[in-house]
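Student: One structure follows; several queries about it will come next.
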Amino acid sequence: MTIVTRKGLSVVLALVLALLLMATPAALADPGTSVAINDGLDVPVGGNRNVDIMITTDDPQGIGSATITLTVDTSVVSVSGVTAGALGAITHNTAGSTTTIVSWTGSFPGPTGTFTFCTVTLHAEGGEGECSVLGIEVTSMYDGTLGDPQEITPSPVVDGTFCIHEGGVGTSAAIECGNAQEGGSDTVDITVTTSDPAGIGSATITLTVDTAVVTVGNIAAGALGTVFSNTVGSTTTMSAATGSSPGPIGTFTFATVTLNAVGNSGDSSALNIEVTTMYDGTAGDPQLIHPSPVTDCIFTIGGRQKGDVNDDDAINSADMQLVAQHIVHTTTLTGDAFTAADVNCSGTVDSADMQLIAQYLVGTITDFPC
(Lines give C-alpha, C1' and ligand atoms only; values in the text may rest on other atoms or scores of the structure.)
Protein backbone atom coordinates (compact mmCIF):
# COMPACT_ATOMS: atom_id res chain seq x y z
CA MET A 1 0.00 0.00 0.00
CA THR A 2 1.38 3.37 -1.09
CA ILE A 3 0.98 6.24 1.36
CA VAL A 4 0.97 9.77 -0.08
CA THR A 5 1.91 12.41 2.40
CA ARG A 6 0.28 15.88 2.41
CA LYS A 7 3.53 17.32 1.06
CA GLY A 8 3.63 14.73 -1.70
CA LEU A 9 -0.01 15.42 -2.60
CA SER A 10 0.77 19.12 -2.93
CA VAL A 11 3.60 18.36 -5.32
CA VAL A 12 1.35 16.12 -7.44
CA LEU A 13 -1.38 18.77 -7.61
CA ALA A 14 1.16 21.42 -8.60
CA LEU A 15 2.43 19.20 -11.42
CA VAL A 16 -1.12 18.52 -12.66
CA LEU A 17 -1.93 22.25 -12.64
CA ALA A 18 1.27 23.03 -14.55
CA LEU A 19 0.39 20.42 -17.18
CA LEU A 20 -3.11 21.87 -17.55
CA LEU A 21 -1.73 25.37 -18.01
CA MET A 22 0.70 24.09 -20.62
CA ALA A 23 -2.18 22.43 -22.47
CA THR A 24 -4.21 25.66 -22.58
CA PRO A 25 -2.56 28.12 -24.99
CA ALA A 26 -2.76 31.79 -24.15
CA ALA A 27 -4.23 34.23 -26.66
CA LEU A 28 -1.43 35.32 -28.95
CA ALA A 29 -1.21 38.30 -31.25
CA ASP A 30 -2.89 37.24 -34.46
CA PRO A 31 -0.98 38.71 -37.42
CA GLY A 32 -3.95 37.86 -39.65
CA THR A 33 -6.38 40.08 -37.71
CA SER A 34 -6.19 43.85 -37.32
CA VAL A 35 -8.44 46.70 -36.17
CA ALA A 36 -8.49 50.36 -37.20
CA ILE A 37 -10.71 53.41 -36.87
CA ASN A 38 -11.20 55.88 -39.71
CA ASP A 39 -10.16 59.51 -39.30
CA GLY A 40 -12.71 62.28 -38.87
CA LEU A 41 -11.07 65.27 -40.54
CA ASP A 42 -12.21 68.78 -41.50
CA VAL A 43 -15.36 68.54 -39.36
CA PRO A 44 -17.25 71.84 -39.07
CA VAL A 45 -17.56 73.47 -35.66
CA GLY A 46 -20.60 71.94 -33.97
CA GLY A 47 -20.89 69.39 -36.77
CA ASN A 48 -21.11 65.60 -36.81
CA ARG A 49 -19.02 63.00 -38.58
CA ASN A 50 -19.54 59.24 -38.89
CA VAL A 51 -16.39 57.12 -38.63
CA ASP A 52 -16.13 53.35 -38.98
CA ILE A 53 -14.21 50.95 -36.77
CA MET A 54 -12.95 48.31 -39.19
CA ILE A 55 -11.79 44.74 -38.63
CA THR A 56 -9.69 42.74 -41.08
CA THR A 57 -9.20 39.00 -40.54
CA ASP A 58 -8.15 35.94 -42.51
CA ASP A 59 -9.28 33.60 -39.71
CA PRO A 60 -11.38 30.93 -41.48
CA GLN A 61 -13.84 31.04 -38.55
CA GLY A 62 -14.25 34.80 -38.93
CA ILE A 63 -15.04 37.02 -35.96
CA GLY A 64 -17.77 35.99 -33.54
CA SER A 65 -17.64 38.79 -30.97
CA ALA A 66 -15.54 41.71 -29.82
CA THR A 67 -15.38 44.36 -27.15
CA ILE A 68 -13.64 47.56 -28.25
CA THR A 69 -13.17 50.82 -26.34
CA LEU A 70 -12.88 54.26 -27.92
CA THR A 71 -11.26 57.04 -25.90
CA VAL A 72 -11.38 60.70 -26.99
CA ASP A 73 -10.61 64.18 -25.70
CA THR A 74 -14.12 65.23 -24.65
CA SER A 75 -13.24 68.93 -24.85
CA VAL A 76 -12.83 68.42 -28.61
CA VAL A 77 -15.22 65.62 -29.53
CA SER A 78 -17.99 63.50 -28.03
CA VAL A 79 -19.65 60.23 -29.05
CA SER A 80 -23.28 60.90 -29.93
CA GLY A 81 -24.24 57.52 -31.36
CA VAL A 82 -23.10 54.02 -32.30
CA THR A 83 -24.70 51.81 -34.95
CA ALA A 84 -24.07 48.14 -35.66
CA GLY A 85 -21.85 46.77 -38.38
CA ALA A 86 -21.40 43.30 -39.87
CA LEU A 87 -21.64 41.42 -36.56
CA GLY A 88 -25.21 42.63 -36.08
CA ALA A 89 -26.13 42.88 -32.39
CA ILE A 90 -24.49 45.78 -30.55
CA THR A 91 -24.54 47.62 -27.24
CA HIS A 92 -22.44 50.49 -25.96
CA ASN A 93 -21.88 52.67 -22.92
CA THR A 94 -20.00 55.94 -22.48
CA ALA A 95 -18.36 56.77 -19.16
CA GLY A 96 -16.28 59.93 -19.16
CA SER A 97 -13.97 59.99 -22.16
CA THR A 98 -14.29 56.26 -22.95
CA THR A 99 -17.03 54.47 -24.87
CA THR A 100 -17.17 50.69 -24.56
CA ILE A 101 -18.71 48.91 -27.55
CA VAL A 102 -19.72 45.24 -27.55
CA SER A 103 -20.94 43.47 -30.69
CA TRP A 104 -21.58 39.83 -31.54
CA THR A 105 -23.08 37.59 -34.19
CA GLY A 106 -25.22 34.47 -34.08
CA SER A 107 -23.72 33.21 -37.36
CA PHE A 108 -20.98 30.62 -37.58
CA PRO A 109 -18.49 31.23 -39.00
CA GLY A 110 -18.49 34.98 -38.42
CA PRO A 111 -17.63 37.62 -41.02
CA THR A 112 -14.19 37.43 -42.62
CA GLY A 113 -12.08 39.75 -44.75
CA THR A 114 -12.46 43.48 -44.08
CA PHE A 115 -15.73 44.60 -42.55
CA THR A 116 -17.27 47.34 -40.40
CA PHE A 117 -17.44 46.50 -36.71
CA CYS A 118 -19.55 49.60 -35.99
CA THR A 119 -20.14 53.17 -37.11
CA VAL A 120 -19.56 55.87 -34.49
CA THR A 121 -21.17 59.31 -34.76
CA LEU A 122 -18.80 61.96 -33.42
CA HIS A 123 -19.86 65.50 -32.51
CA ALA A 124 -17.41 68.42 -32.63
CA GLU A 125 -17.38 70.03 -29.18
CA GLY A 126 -14.26 72.17 -29.56
CA GLY A 127 -13.15 75.15 -31.60
CA GLU A 128 -11.48 75.70 -34.95
CA GLY A 129 -8.31 73.70 -35.57
CA GLU A 130 -8.61 71.52 -32.45
CA CYS A 131 -7.87 67.80 -32.77
CA SER A 132 -8.27 64.66 -30.68
CA VAL A 133 -6.78 61.20 -30.95
CA LEU A 134 -9.41 58.50 -31.53
CA GLY A 135 -7.80 55.86 -29.32
CA ILE A 136 -9.15 52.33 -29.69
CA GLU A 137 -8.32 49.26 -27.63
CA VAL A 138 -9.56 45.71 -28.17
CA THR A 139 -10.56 44.46 -24.73
CA SER A 140 -11.56 41.04 -26.04
CA MET A 141 -12.13 39.36 -29.39
CA TYR A 142 -13.19 35.81 -30.24
CA ASP A 143 -13.46 33.98 -33.51
CA GLY A 144 -16.65 32.36 -34.82
CA THR A 145 -15.90 28.74 -33.93
CA LEU A 146 -19.23 27.11 -33.12
CA GLY A 147 -19.41 26.00 -29.49
CA ASP A 148 -15.77 26.77 -28.74
CA PRO A 149 -14.84 30.34 -29.74
CA GLN A 150 -11.10 30.97 -29.68
CA GLU A 151 -9.66 34.20 -28.29
CA ILE A 152 -7.85 36.48 -30.74
CA THR A 153 -5.43 39.30 -30.02
CA PRO A 154 -5.43 41.45 -33.16
CA SER A 155 -2.33 43.27 -34.33
CA PRO A 156 -1.98 46.04 -35.25
CA VAL A 157 -4.71 48.15 -33.64
CA VAL A 158 -4.60 51.54 -35.38
CA ASP A 159 -5.90 54.74 -33.76
CA GLY A 160 -7.45 57.62 -35.70
CA THR A 161 -7.65 61.41 -35.55
CA PHE A 162 -10.56 63.81 -35.27
CA CYS A 163 -9.97 67.44 -36.30
CA ILE A 164 -12.26 70.45 -36.46
CA HIS A 165 -12.16 72.57 -39.61
CA GLU A 166 -10.42 75.92 -39.46
CA GLY A 167 -12.90 78.37 -40.96
CA GLY A 168 -16.62 78.81 -41.39
CA VAL A 169 -17.41 79.61 -37.76
CA GLY A 170 -20.74 81.33 -37.51
CA THR A 171 -21.98 80.15 -40.92
CA SER A 172 -25.16 78.14 -41.39
CA ALA A 173 -27.72 77.35 -44.08
CA ALA A 174 -31.43 76.56 -43.92
CA ILE A 175 -34.52 76.09 -46.06
CA GLU A 176 -38.03 77.22 -45.13
CA CYS A 177 -40.90 74.76 -44.86
CA GLY A 178 -43.55 74.82 -47.56
CA ASN A 179 -47.27 74.11 -47.83
CA ALA A 180 -49.71 74.12 -50.73
CA GLN A 181 -53.09 72.74 -51.66
CA GLU A 182 -53.41 69.95 -54.25
CA GLY A 183 -52.17 71.25 -57.59
CA GLY A 184 -50.92 74.48 -56.01
CA SER A 185 -47.48 75.87 -55.32
CA ASP A 186 -45.49 77.67 -52.66
CA THR A 187 -42.19 79.56 -52.57
CA VAL A 188 -39.53 78.89 -49.97
CA ASP A 189 -36.23 80.64 -49.31
CA ILE A 190 -32.87 78.97 -48.88
CA THR A 191 -31.02 81.28 -46.52
CA VAL A 192 -27.41 81.59 -45.41
CA THR A 193 -26.25 83.21 -42.18
CA THR A 194 -22.60 84.13 -41.68
CA SER A 195 -20.44 86.26 -39.42
CA ASP A 196 -17.37 85.68 -41.61
CA PRO A 197 -15.91 89.19 -42.19
CA ALA A 198 -15.24 88.25 -45.84
CA GLY A 199 -18.88 87.29 -46.31
CA ILE A 200 -19.96 84.59 -48.76
CA GLY A 201 -18.51 84.66 -52.26
CA SER A 202 -20.01 81.55 -53.83
CA ALA A 203 -21.94 78.41 -52.99
CA THR A 204 -23.34 75.25 -54.53
CA ILE A 205 -26.35 73.82 -52.72
CA THR A 206 -28.47 70.78 -53.59
CA LEU A 207 -32.16 70.32 -52.76
CA THR A 208 -33.60 66.79 -52.69
CA VAL A 209 -37.35 66.14 -52.54
CA ASP A 210 -39.85 63.31 -52.94
CA THR A 211 -40.97 63.90 -56.53
CA ALA A 212 -44.16 61.92 -55.95
CA VAL A 213 -45.20 64.76 -53.63
CA VAL A 214 -43.48 67.91 -54.89
CA THR A 215 -41.37 69.12 -57.80
CA VAL A 216 -39.04 72.10 -58.14
CA GLY A 217 -40.19 74.91 -60.40
CA ASN A 218 -38.72 78.36 -60.89
CA ILE A 219 -35.63 79.40 -58.92
CA ALA A 220 -35.14 83.11 -58.30
CA ALA A 221 -31.81 84.76 -57.50
CA GLY A 222 -30.80 85.87 -54.03
CA ALA A 223 -28.05 88.09 -52.65
CA LEU A 224 -25.24 86.33 -54.56
CA GLY A 225 -26.89 87.03 -57.91
CA THR A 226 -28.08 84.71 -60.67
CA VAL A 227 -28.66 81.12 -59.61
CA PHE A 228 -27.69 78.47 -62.15
CA SER A 229 -29.64 75.28 -61.58
CA ASN A 230 -30.11 71.76 -62.92
CA THR A 231 -32.56 69.07 -61.81
CA VAL A 232 -31.75 65.38 -62.20
CA GLY A 233 -34.30 63.02 -60.71
CA SER A 234 -35.20 64.14 -57.21
CA THR A 235 -32.19 66.45 -56.74
CA THR A 236 -31.78 70.05 -57.90
CA THR A 237 -28.28 71.54 -57.88
CA MET A 238 -28.01 75.33 -57.52
CA SER A 239 -24.89 77.48 -57.86
CA ALA A 240 -24.41 81.22 -57.42
CA ALA A 241 -21.44 83.56 -57.06
CA THR A 242 -20.94 87.27 -56.48
CA GLY A 243 -18.29 89.51 -57.99
CA SER A 244 -18.19 91.65 -54.85
CA SER A 245 -15.59 91.37 -52.11
CA PRO A 246 -16.47 91.02 -49.33
CA GLY A 247 -19.62 89.06 -50.12
CA PRO A 248 -22.93 89.41 -48.28
CA ILE A 249 -22.76 89.11 -44.48
CA GLY A 250 -25.45 88.37 -41.90
CA THR A 251 -28.59 86.51 -42.94
CA PHE A 252 -29.45 86.64 -46.63
CA THR A 253 -31.40 84.69 -49.25
CA PHE A 254 -29.33 82.39 -51.43
CA ALA A 255 -32.29 81.43 -53.64
CA THR A 256 -36.08 81.47 -53.67
CA VAL A 257 -37.48 78.15 -54.88
CA THR A 258 -40.98 77.53 -56.22
CA LEU A 259 -42.33 74.15 -55.14
CA ASN A 260 -45.23 72.55 -57.03
CA ALA A 261 -47.57 70.15 -55.23
CA VAL A 262 -48.06 67.03 -57.37
CA GLY A 263 -49.23 64.62 -54.66
CA ASN A 264 -52.45 64.31 -52.71
CA SER A 265 -53.76 66.18 -49.70
CA GLY A 266 -52.01 64.94 -46.57
CA ASP A 267 -48.82 63.97 -48.41
CA SER A 268 -45.51 65.42 -47.24
CA SER A 269 -41.90 65.46 -48.39
CA ALA A 270 -38.67 66.32 -46.69
CA LEU A 271 -36.85 69.30 -48.16
CA ASN A 272 -33.26 68.14 -47.74
CA ILE A 273 -30.48 70.59 -48.54
CA GLU A 274 -26.75 69.90 -48.68
CA VAL A 275 -24.00 72.45 -49.14
CA THR A 276 -21.69 70.88 -51.71
CA THR A 277 -19.22 73.77 -51.67
CA MET A 278 -19.12 77.24 -50.12
CA TYR A 279 -16.35 79.85 -50.26
CA ASP A 280 -16.00 83.17 -48.52
CA GLY A 281 -15.57 86.48 -50.33
CA THR A 282 -11.82 86.93 -49.86
CA ALA A 283 -10.53 88.72 -52.98
CA GLY A 284 -8.08 86.58 -54.97
CA ASP A 285 -7.95 83.76 -52.41
CA PRO A 286 -11.45 82.57 -51.39
CA GLN A 287 -11.44 80.28 -48.35
CA LEU A 288 -13.47 77.08 -48.15
CA ILE A 289 -16.29 77.19 -45.58
CA HIS A 290 -18.16 74.27 -44.02
CA PRO A 291 -21.43 75.73 -42.69
CA SER A 292 -23.04 74.19 -39.63
CA PRO A 293 -25.82 73.54 -39.03
CA VAL A 294 -27.50 72.92 -42.37
CA THR A 295 -31.21 72.76 -41.56
CA ASP A 296 -33.80 70.85 -43.60
CA CYS A 297 -37.57 71.33 -43.54
CA ILE A 298 -40.85 69.80 -44.82
CA PHE A 299 -43.31 70.41 -47.66
CA THR A 300 -46.91 69.36 -47.03
CA ILE A 301 -49.99 69.28 -49.23
CA GLY A 302 -53.24 70.52 -47.71
CA GLY A 303 -53.83 71.50 -44.12
CA ARG A 304 -50.87 72.36 -41.95
CA GLN A 305 -47.40 70.94 -42.04
CA LYS A 306 -46.61 68.32 -39.45
CA GLY A 307 -45.40 69.90 -36.21
CA ASP A 308 -46.86 73.37 -36.90
CA VAL A 309 -49.64 72.98 -34.36
CA ASN A 310 -50.48 76.69 -34.04
CA ASP A 311 -50.36 77.27 -37.83
CA ASP A 312 -47.81 80.10 -37.75
CA ASP A 313 -45.69 78.61 -40.58
CA ALA A 314 -42.94 77.62 -38.17
CA ILE A 315 -42.15 74.68 -35.90
CA ASN A 316 -40.98 75.93 -32.54
CA SER A 317 -41.37 75.59 -28.77
CA ALA A 318 -44.88 77.07 -28.91
CA ASP A 319 -46.04 74.00 -30.86
CA MET A 320 -44.41 71.64 -28.36
CA GLN A 321 -46.11 73.54 -25.52
CA LEU A 322 -49.54 73.03 -27.13
CA VAL A 323 -48.86 69.30 -27.42
CA ALA A 324 -47.84 69.19 -23.75
CA GLN A 325 -51.02 71.03 -22.73
CA HIS A 326 -53.10 68.55 -24.74
CA ILE A 327 -51.39 65.62 -23.03
CA VAL A 328 -52.12 66.97 -19.51
CA HIS A 329 -55.66 67.99 -20.57
CA THR A 330 -55.32 71.74 -20.04
CA THR A 331 -56.30 72.18 -23.69
CA THR A 332 -57.77 69.95 -26.39
CA LEU A 333 -56.39 69.84 -29.91
CA THR A 334 -58.87 69.14 -32.68
CA GLY A 335 -59.04 69.22 -36.47
CA ASP A 336 -55.95 70.45 -38.32
CA ALA A 337 -54.18 71.26 -35.03
CA PHE A 338 -54.58 67.65 -33.87
CA THR A 339 -53.39 66.32 -37.24
CA ALA A 340 -50.33 68.61 -37.18
CA ALA A 341 -49.51 67.50 -33.61
CA ASP A 342 -49.74 63.80 -34.46
CA VAL A 343 -46.31 63.80 -36.09
CA ASN A 344 -45.94 60.01 -36.01
CA CYS A 345 -49.45 59.43 -37.45
CA SER A 346 -50.39 57.07 -34.63
CA GLY A 347 -53.91 58.49 -34.39
CA THR A 348 -53.21 59.93 -30.96
CA VAL A 349 -51.27 62.92 -29.63
CA ASP A 350 -49.03 61.81 -26.80
CA SER A 351 -45.53 62.11 -25.37
CA ALA A 352 -44.03 60.36 -28.40
CA ASP A 353 -45.17 63.27 -30.59
CA MET A 354 -43.80 65.81 -28.11
CA GLN A 355 -40.46 63.96 -28.06
CA LEU A 356 -40.26 63.96 -31.87
CA ILE A 357 -40.98 67.69 -32.05
CA ALA A 358 -38.30 68.33 -29.40
CA GLN A 359 -35.80 66.25 -31.40
CA TYR A 360 -36.71 68.23 -34.54
CA LEU A 361 -36.14 71.53 -32.73
CA VAL A 362 -32.64 70.59 -31.58
CA GLY A 363 -31.72 69.07 -34.94
CA THR A 364 -31.54 65.43 -33.86
CA ILE A 365 -34.03 64.62 -36.63
CA THR A 366 -34.82 66.61 -39.76
CA ASP A 367 -38.10 64.97 -40.69
CA PHE A 368 -41.08 63.37 -38.99
CA PRO A 369 -42.05 59.70 -39.51
CA CYS A 370 -45.09 60.65 -41.59
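The values are calculated or read from the model by the stated rules, or taken from the named source; none is laboratory data. Predicted, not measured: the structure shown is a model, and the values here were computed from it. Please note: Cβ atoms are built from the backbone with ideal geometry, for glycine as well, and neighbour counts cover all protein chains shown.
Student: If you check ASP336 against the conditions, is it of a type in the set (Asp, Glu), surrounded by 17 or more Cβ atoms within 10 Å (Cβ to Cβ) and either within 18 Å of CYS177 (Cα to Cα) or modelled with pLDDT under 90 (or both)?
Tutor: Against the criterion (of a type in the set (Asp, Glu), surrounded by 17 or more Cβ atoms within 10 Å (Cβ to Cβ) and either within 18 Å of CYS177 (Cα to Cα) or modelled with pLDDT under 90 (or both)), ASP336 does not qualify.
Student: Moving on. So, of the residues in the stretch 125-166 that are of a type in the set (A, V, I, L, M, F, W, C) and free of Cβ contacts under 8 Å to residues at least 60 places away in the same chain, which turns out to be surrounded by the most Cβ atoms within 10 Å (Cβ to Cβ)?
Tutor: CYS131
Student: Please give the number of the condition THR187 fails out of (1) at pLDDT 95 or above; (2) under 11 Å from LEU259 (Cβ atoms); (3) surrounded by fewer than 21 Cβ atoms within 10 Å (Cβ to Cβ).
Tutor: (1)
Student: Need the failing condition index for SER268 against (1) in the same structural domain as THR191 (by TED's automatic domain parsing); (2) closer than 30 Å to GLY127 by Cα; (3) at pLDDT below 90; (4) among the polar types (S, T, N, Q), just the number.
Tutor: (2)
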